[in-house]
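J.: One structure coming up, written as structure tokens, with questions to follow.
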Amino acid sequence: MKKVTIDPITRLEGHGKIEIFLNDTGDVANTYFQIPELRGFEKFCEGRPVEEMPRIVPRICGV
Amino acid sequence: MAKLKLALYWAGACGGCDVAVLDVNEKILDVANLADIVFWPIALDFKYHHVEAMPDKSIDVCLFNGCIRSSEQEHIAKMLRAKSKVLVSFGSCACFGGIPALANFTTRAEIMERVYIEAPSNENPNKTLPQTKVKVAEGEITLPELFENVLTLAQVVPVEYFVPGCPPTVDIILKVVNALATNSLPPVGAVIASDKTLCDECDRKKENKKITRIYRTQEIIPDSQKCLLEQGLLCMGPATRGGCGALCVKVNIPCRGCFGPPAGVADQGAKLVSSIASIYEAKDEKDIARMVNEVADPAGTFYRFGMSSSMLKRKRSQKR
């Protein structure tokens, strides 16, 4: 099965890649959208002072 | 002069550094006159295989922002290092770990658990976690490996210059552009900002006053003319490199520390603790204990942007 990889996805905020699998007749059999990045704001914000939140979480996306 | 070949990349980052490059407004046209951009995922459609195909040292300058937290980010860092004559660690995440390095107070396993299993927005009864390789009906798909620690760019590859800031200011970005245009780059290893502290460029009045308690920012409205630290607010100024133009303190917000430690200071957090200790007036042991408790989140405050490059680097394991 033929595979087409788009890596990285561009012109957006964030990281992503797309894997497209083609069948024997060249049609799309399946497509996978993958996020190859994780920073873990969900975890490392825990326990930080509440007044820090509006200043930490803008760094999730600065675009 | 032939046009320079310029690459910009984001590793573990928010995109704010990339946008900061565009904050130079019409001066971006000077950049366009000076350089051809050969790789910039946020703005242009080049793929990793395009970069791989470039000869070594064929990129004149690469501005690399973001921390290194995965095998992919490490791989791209090594690739761009090989392809670039000058590699610039651009922004606080690349230089010190930045906000994402607050993750060094926790572990990879705890992050995975929280993000993919516990988070209330998830429904994951089988407790599936991301895998580096997964067999699917059509073949195999892969993801990079998440590292245990957040690293700085310079902890992974050699770097020529450091441009701090969350994000780097327009003035500093233009300084870099002008240095490239006039071929007047500083000695390798230089930090493109001030060598002195933020206090050095802050025009607030210092009275060498002692403090008797520490306040959280929402507890007082500080005097806009006087030193914030002397008013009991945790201003990172004495432990932070200048060069930003004192942006935060000008709007009555204590310095956040995003420019990292000044020249000659190895550990930003330790330096701030020592600055506070020297102005804190404690009557007795009890007083000292009270003050320590007044700091809501000492580790996250003193190492807000700098955990990766600090002497500690990460929270130590409880087990021995």
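The values are calculated or read from the model by the stated rules, or taken from the named source; none is laboratory data. For clarity, every value in this text was computed on a predicted model and none was experimentally measured. Note that we place each Cβ from the backbone using ideal geometry, even for glycine, and neighbour counts take in every protein chain shown.
J.: Name the residue, out of B:ILE76, B:ILE42, B:ILE37, B:ILE59, that is closer than 27 Å to A:VAL4 by Cβ and in contact with a Ser or Thr (Cβ under 7 Å, 6 or more places away or on another chain).
T.: Residue meeting the stated conditions: B:ILE59.
J.: Can you find a residue in the stretch B:83-95 that is without any contact (Cβ under 8 Å) to a residue 40 or more places away in the chain and either under 30 Å from B:MET236 (Cα atoms) or surrounded by fewer than 19 Cβ atoms within 10 Å (Cβ to Cβ) (or both)?
T.: Checking the stretch B:83-95: at least one residue is without any contact (Cβ under 8 Å) to a residue 40 or more places away in the chain and either under 30 Å from B:MET236 (Cα atoms) or surrounded by fewer than 19 Cβ atoms within 10 Å (Cβ to Cβ) (or both).
J.: Go over the candidates B:LEU129, B:LEU102 one by one and state the one that is crowded, with 22+ Cβ neighbours inside 10 Å, within 13 Å of chain A (Cβ to nearest Cβ) and at negative phi.
T.: B:LEU102
J.: Of everything in the stretch A:13-50, what is loosely packed, with under 13 Cβ neighbours inside 10 Å and of a type in the set (D, E, K, R)? Give them in sequence order.
T.: Passing the criteria: A:ASP24, A:ASP27, A:GLU46.
J.: For residues in the stretch A:1-15 being more than 7 Å from every other protein chain (Cβ to nearest Cβ) and outside any loop (DSSP other than H, G, I, E, B), which is modelled with the lowest pLDDT?
T.: A:LYS2
J.: Output the residues belonging to the stretch B:104-132 that are assigned to a helix (DSSP H, G or I) and in contact (Cβ under 8 Å) with a residue 40 or more places away in the chain.
T.: B:ASN104, B:PHE105, B:ARG108
J.: Filter the stretch A:50-63 down to residues that are without any contact (Cβ under 8 Å) to a residue 12 or more places away in the chain and within 20 Å of B:PRO120 (Cα to Cα) and give me whichever is farthest from the other protein chains (Cβ to nearest Cβ).
T.: Among residues in the stretch A:50-63 that are without any contact (Cβ under 8 Å) to a residue 12 or more places away in the chain and within 20 Å of B:PRO120 (Cα to Cα), the one farthest from the other protein chains (Cβ to nearest Cβ) is A:MET53.
J.: Now a separate question. Just to confirm my filter: which strands (runs of 3 or more DSSP E) fall fully inside the stretch B:133-173 and include at least 2 residues that are over 30 Å from B:ILE28 (Cβ atoms) and either within 14 Å of chain A (Cβ to nearest Cβ) or touching a residue at least 12 places away in the same chain (Cβ under 8 Å) (or both)?
T.: Where strands (runs of 3 or more DSSP E) fall fully within the stretch B:133-173 and carry at least 2 residues being over 30 Å from B:ILE28 (Cβ atoms) and either within 14 Å of chain A (Cβ to nearest Cβ) or touching a residue at least 12 places away in the same chain (Cβ under 8 Å) (or both), they are B:133-136, B:139-142, B:146-151.
J.: Turning to a different aspect of this structure: Can you list the helices (runs of 4 or more DSSP H) lying wholly within the stretch B:1-103 that have 2 or more residues being at pLDDT below 95?
T.: B:16-22, B:28-34
J.: Would you be able to say whether some residue in the stretch B:138-146 is small (Gly, Ala, Ser), closer than 29 Å to B:THR301 by Cα and surrounded by fewer than 16 Cβ atoms within 10 Å (Cβ to Cβ)?
T.: Scanning the stretch B:138-146, I find no residue that is small (Gly, Ala, Ser), closer than 29 Å to B:THR301 by Cα and surrounded by fewer than 16 Cβ atoms within 10 Å (Cβ to Cβ), so the answer is no.
J.: Now a separate question. Mind checking which residues of the stretch A:29-49 are more than 7 Å from chain B (Cβ to nearest Cβ) and touching a His at 6+ places or on another chain (Cβ under 8 Å)?
T.: A:ILE35
J.: Which number in (1) more than 8 Å from chain A (Cβ to nearest Cβ); (2) out of contact with any helix residue (DSSP H, G or I) (no Cβ under 9 Å at 6 or more places or on another chain); (3) within 23 Å of B:LEU102 (Cα to Cα) marks the one condition that B:ASN65 misses?
T.: With (1) more than 8 Å from chain A (Cβ to nearest Cβ); (2) out of contact with any helix residue (DSSP H, G or I) (no Cβ under 9 Å at 6 or more places or on another chain); (3) within 23 Å of B:LEU102 (Cα to Cα) applied to B:ASN65, the lone miss is (2).
J.: Please specify each residue of the stretch B:49-65 satisfying the condition of being crowded, with 18+ Cβ neighbours inside 10 Å and free of Cβ contacts under 8 Å to residues at least 40 places away in the same chain.
T.: Within the stretch B:49-65, B:MET54 is the sole residue that qualifies.
J.: Is one or more of the residues making up the stretch B:82-89 at the interface with chain A (Cβ under 9 Å from one of its Cβ atoms) and under 21 Å from B:SER310 (Cα atoms)?
T.: For the stretch B:82-89, residues at the interface with chain A (Cβ under 9 Å from one of its Cβ atoms) and under 21 Å from B:SER310 (Cα atoms): absent.
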